[in-house]
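The values are calculated or read from the model by the stated rules, or taken from the named source; none is laboratory data. These numbers come from a predicted model, not from an experiment. Quick reminder, even Gly has a Cβ in these numbers, built from the backbone with ideal geometry, and neighbours come from all protein chains shown. Calculation scope for accessible area: heavy atoms of the full protein, side chains included, ligands and nucleic acids excluded. Shrake-Rupley method; radii C 1.70, N 1.55, O 1.52, S 1.80 Å.
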Amino acid sequence: MSRLLIISNRLPVSVTRQADSLSFQPSVGGVATGIASLEEPKQRLWFGWPGIASDRLSSEHKHQIAEGVQEHGCKPVFLTSAEVRDFYFGFANRTIWPLFHYFSHYTVFDESYWRAYKKVNEHFCREIMPQIKLGDKIWVHDYQLMLLPGMLRAKRPEAHIGFFLHIPFPSFELLRLLPWRRELLEGILGADLVGFHEYEYVRHFLSSVYRISDYEPHLSQLMVQNRLVRVDAFPMGIDYHRFAESSRRPEVTKEIKKIHHPAGQRMIISVDRLDYTKGILKRLEAYDWFLRQYPEYREKVSLVVVAVPSRTKVDVYNELREQIERMIGHINGEYGTLDWTPVSYLYRSLPFEKLTALYAVADVALITPLRDGMNLVAKEFVACQQDKNHPGVLILSEMAGAASELAEAIVINPHDKESIASALRQALEMPQAERLKRNRMMQERLRRYTVARWAGDFLQSLEQVKTKQHIHGPAPLTGAVRKKLLSEYSAAEQRLILLDYDGTLVSYVKQPEDAMPDTTLLGTLQSLLADQANTIIIISGRDRDTLTQWFGNLKMTLIAEHGAYMRDESGVWNAQVKPDNEWKEIIRPMLELYVDRTPGAFIEEKTFSLVWHCRKSEPDLANLRTQELKDALMAMTANLNIGVFEGAKIVEVKHIGVNKGQAVLPWVSRQQWPFIFVAGDDYTDEDMFAVMPENAFTCKIGPGPSRAQYRLNTVGDFRELLTAMADLKPKPKPQQ
Ligand code: ADQ
């Protein structure tokens with residue numbers, strides 16, 4: 001039976017040590033709640049740090065912790081204080097956290113932090129590996145463990161791995177600052193499914209992958225070394241009913257009201273972890289501005305600031321705390337009276353029922369993060385607005401992921417104190433019917449897309465990706481297949497080997513003329529040609545002159561321009577189709593227009609085709625222009641006997657009668673070949689794969705769907721296979 005392995009930095013159980021005894025308290029965080037309510041898989045195991053550094057624990061204590069958390073379905077991953085310092089307070093919270101929240105000025109780039117991050121991710125990997133059973137689903141959480149999916153994948157290629165990032169994924173402009181950006185992306189892409197709270201983060205992630213790595217995303221999917229990876233948005237919800245129910249407890253709300261909500265006053269709340277991303281200081285500035293701009297509200301409102309202590313070992317958090325406290329002192333000193341304190345401040349975590357009561361009695365929640373992956377407080381506040389006679393109003397920053405789901409809130413820019421002040425006024429003056437209406441709409445959504453739905457959706461999508469991977473494209477040409485191929489090669493009296501050139505025998509380069517064959521490749525081809533049993537044909541989109549220049553010295557058949565010309569072993573080129581090129585003059589101005597509009601693009605002219613290249617252009621612009629150009633060309637070519645094809649960073653317009661499939665067909669049907677091998681990497685090679693007989697080995701090089709039976713990931717892998725063929729002993733000449 002399949003199990004769910006959840007991996008996060010912290011376990012959902014808090015371990016406390018008093019004197020010499022340990023106690024274990026489950027913490028009901030969002031993720032834990034979502035997972036607890038899942039029906040399947042029933043068996044779950046959660047890995048994470050138990051919260052006490054291992055060098056402060058005796059081996060007896062460690063043993064007790066392992067046993068204690070086991071009762072809650074957990075396994076501890078112990079970290080030393082040095083690891084906690086450099087990995088958690090270092091790389092995670094001084095590098096990734098600020099950078100991913102657009103606080104680049106707080107970001108520390110420190111090689112030793114990075115080493116610790118890698119080491120701890122490896123440590124997690126080592127701890128988890130022996131526990132993985134076939135069919136288990138592995139769900140890795142958050143920014144502390146971005147390398148882990150890749151590490152697990154390297155050891156378990158078939159594993160089901162999902163990764164969810166709880167914080168924003170920044171734009172490429174931010175990510176590129178990080179010296180270790182490529183490693184992080186590769187790490188995340190070890191997962192089969194990568195989830196974010198919002199589509200905007202999906203977009204940023206895909207755009208960074210496109211620019212930094214070699215993978216090319218298509219509609220939120222990409223092929224990573226032959227494996228389909230899906231990237232999608234899963235906005236995390238809350239346990240709606242738990243919050244709604246809890247907010248209905250009159251005895252607790254009464255008590256909270258008595259303390260924080262004196263009669264005749266309106267109450268605004270601000271609830272967050274004390275973190276610079278939450279915009280608490282700016283919020284206080286805006287409240288100060290509000291009291292200044294609208295003096296009629298003085299003594300009529302109060303702001304309750306609840307800040308949960310967080311990351312107190314990181315300096316900027318302590319500085320922020322001091323600034324917040326100074327600011328609160330300033331506001332209270334400036335406007336306070338003997339009967340009225342404009343801001344009250346709680347620097348602590350509240351028990352659940354007190355927190356929900358606070359949400360319920362508040363008139364306004366002022367939640368103004370400068371950046372926030374989602375922000376669950378906003379959702380929790382809305383869920384707690386169950387009293388029809390007292391519906392509160394949510395003011396929410398547009399920088400929170402939650403803003404796209406909670407559009408009925410008053411949405412503000414957290415840097416704009418003027419608009420926050422007027423939002424506060426609008427909230428305090430909003431008619432009851434409107435408050436009710438807005439809350440109902442938001443509640444409807446929150447009730448439907450709960451945290452249980454979120455977890456369920458994510459795991460279901462992971463399952464779908466795995467299913468799709470199995471039906472997606474060619475099988476890897478490794479192990480047993482390779483052995484079979486080489487043994488059939490060896491045994492065959494006659495062999496036909498059809499090879500594409502660019503992307504198959506050599507890698508793509510920015511300038512097409514720089515892709516000439518190297519001496520190793522020429523040597524391999526020569527060895528293969530020395531074997532009398534081999535008929536080898538290079539079939540390329542390149543023109544005759546280039547192929548002659550590069551392979552003219554080899555006694556072999558060459559096919560140029562996708563089959564338009566063929567050169568036999570004697571070295572003479574023959575046209576295979578009659579050129580009909582009037583269409584080129586109709587099409588060329590359109591391609592030229594797109595060269596002008598796309599810096600780095602250029603046109604290549606072939607006898608039967610025109611090719612627009614954009615490999616050297618800025619990737620996003622190239623993408624956009626490719627689509628635009630294709631649309632424009634489709635319309636223009638509707639009545640012409642030509643086709644428009646999109647390839648690897650090119651758009652090719654060509655005569656329809658010319659394709660590689662038709663070009664190789666006469667060769668294939670010339671005799672009964674006991675061995676045929678065909679290799680290619682792009683759409684033009686698909687025409688070859690399509691016309692091959694059953695017994696042919698067809699091999700696609702690189703990612704993407706294909707008609708080929710097998711796949712090799714890189715040009716290097718393919719050349720290695722070709723060398724292995726060349727190294728096999730030539731067949732002795734058949735006796736006459
Ligand atoms: P956080 O940055 O911690 O989470 P948030 O989503 O608001 O931010 O979650 C805070 C949680 O702490 C809420 O569930 C809230 O109830 C609780 N909380 C806040 N103040 C409290 C108090 N005084 N006492 C008790 N509990 C309190 C990160 C990301 C977010 C993302 C979440 C979930 O930064 O953007 O929404 O993960 O993915």
Checklist line | For R448: the one exception among (1) surrounded by 15 or more Cβ atoms within 10 Å (Cβ to Cβ); (2) under 30 Å from Q385 (Cβ atoms) | finding: (1)
Check: Which members of region 282-311 meet the condition of being open to solvent by 10 Å² or more (accessible area, probe 1.4 Å), within 16 Å of the ligand (Cβ to nearest atom) and in contact with a Leu (Cβ under 7 Å, 6 or more places away or on another chain)?
Finding: V308, P309, S310
Margin query: Based on this model, can you work out whether G563 counts as at positive phi and surrounded by 16 or more Cβ atoms within 10 Å (Cβ to Cβ)?
Written below: yes
Item checked: Within region 324-351, tally of residues that are open to solvent by less than 80 Å² (accessible area, probe 1.4 Å), modelled with pLDDT of 95 or more and either closer than 27 Å to N93 by Cβ or within 16 Å of the ligand (Cβ to nearest atom) (or both) -> 9
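To keep it simple, each residue is scored yes or no on (1) basic (K, R); (2) open to solvent by 30 Å² or more (accessible area, probe 1.4 Å); (3) outside any helix (DSSP H, G or I).
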{"residue": "Q671", "(1), (2), (3)": "no, yes, yes"}
{"residue": "A679", "(1), (2), (3)": "no, no, yes"}
{"residue": "G704", "(1), (2), (3)": "no, no, yes"}
{"residue": "F718", "(1), (2), (3)": "no, no, no"}
{"residue": "M725", "(1), (2), (3)": "no, no, no"}
Notebook entry, point to check: Does at least one position in region 23-38 carry a residue that is away from the ligand (no atom under 15 Å from the Cβ) and buried (at least 18 other Cβ atoms within 10 Å of the Cβ)?
Noted result: yes
Next item on the list: Being part of a loop (DSSP other than H, G, I, E, B) and touching a residue at least 24 places away in the same chain (Cβ under 8 Å) is the filter; apply it to region 512-524 and report the residue that is least open to solvent (accessible area, probe 1.4 Å).
Entry: P517
Next item on the list: Go through region 624-667 and give me each residue that's of a type in the set (D, E, K, R) and either under 27 Å from M692 (Cβ atoms) or assigned to a loop (DSSP other than H, G, I, E, B) (or both).
Entry: E646, K649, E652, K654, K660
Next item on the list: Those residues that are surrounded by 19 or more Cβ atoms within 10 Å (Cβ to Cβ) and touching a Leu at 6+ places or on another chain (Cβ under 8 Å), I need them from region 474-489; list them, please.
Entry: L477, L485, Y489
Notebook entry, point to check: So which residues in region 1-49 are among the β-branched types (V, I, T) and farther than 18 Å from A191 by Cβ?
Noted result: V13, V15, T16, V28, T33
Item checked: Pairs with Cβ under 9 Å, 6+ apart, first in region 707-726 and assigned by TED's automatic domain parsing to the domain that holds M692 and β-branched (V, I, T), second assigned to a loop (DSSP other than H, G, I, E, B) and surrounded by fewer than 19 Cβ atoms within 10 Å (Cβ to Cβ) -> T714/Q225; T714/S507; V715/S507; V715/Y508
Check: Given the structure, is Y102 among the hydroxyl-bearing types (S, T, Y) and outside any helix (DSSP H, G or I)?
Finding: yes
Margin query: Of the conditions (1) within 16 Å of the ligand (Cβ to nearest atom); (2) within 15 Å of L99 (Cα to Cα), E173 satisfies every one except a single condition; which number is it?
Written below: (1)
Notebook entry, point to check: Give me the pairs: first residue in region 526-544 and without any contact (Cβ under 8 Å) to a residue 60 or more places away in the chain, second residue open to solvent by 20 Å² or more (accessible area, probe 1.4 Å) and assigned to a helix (DSSP H, G or I), beta-carbon distance under 7 Å, and six or more apart or on different chains, which are they?
Noted result: I536/L529
Check: Does region 262-275 hold any residues that are at pLDDT 95 or above and assigned to a loop (DSSP other than H, G, I, E, B), and which are they?
Finding: L274, D275
Check: Does any residue of region 4-11 turn out to be modelled with pLDDT of 90 or more, touching a Phe, Trp or Tyr at 6+ places or on another chain (Cβ under 6 Å), more than 19 Å from F87 (Cβ to Cβ) and within 16 Å of the ligand (Cβ to nearest atom)?
Finding: yes
Next item on the list: Select from region 490-505 the residues that are buried (at least 20 other Cβ atoms within 10 Å of the Cβ) and either without any contact (Cβ under 8 Å) to a residue 24 or more places away in the chain or farther than 16 Å from E686 by Cα (or both) and list them in ascending order.
Entry: R495, L496, L505
Checklist line | Identity of the residue in region 39-70, assigned to a helix (DSSP H, G or I) and among the small types (G, A, S), that ends up most open to solvent (accessible area, probe 1.4 Å) | finding: S59
Next item on the list: Filter region 563-608 down to residues that are more than 37 Å from the chain's Cα centre (by Cα), of a type outside the set (A, V, I, L, M) and not in a helix (DSSP H, G or I), then give me how many there are.
Entry: 17
Checklist line | Residue match in region 104-120 (condition: within 16 Å of the ligand (Cβ to nearest atom) and closer than 21 Å to F164 by Cβ) | finding: no
Next item on the list: Go through region 10-22 and count every residue that is in contact (Cβ under 8 Å) with a residue 24 or more places away in the chain, open to solvent by 50 Å² or more (accessible area, probe 1.4 Å) and β-branched (V, I, T).
Entry: 0
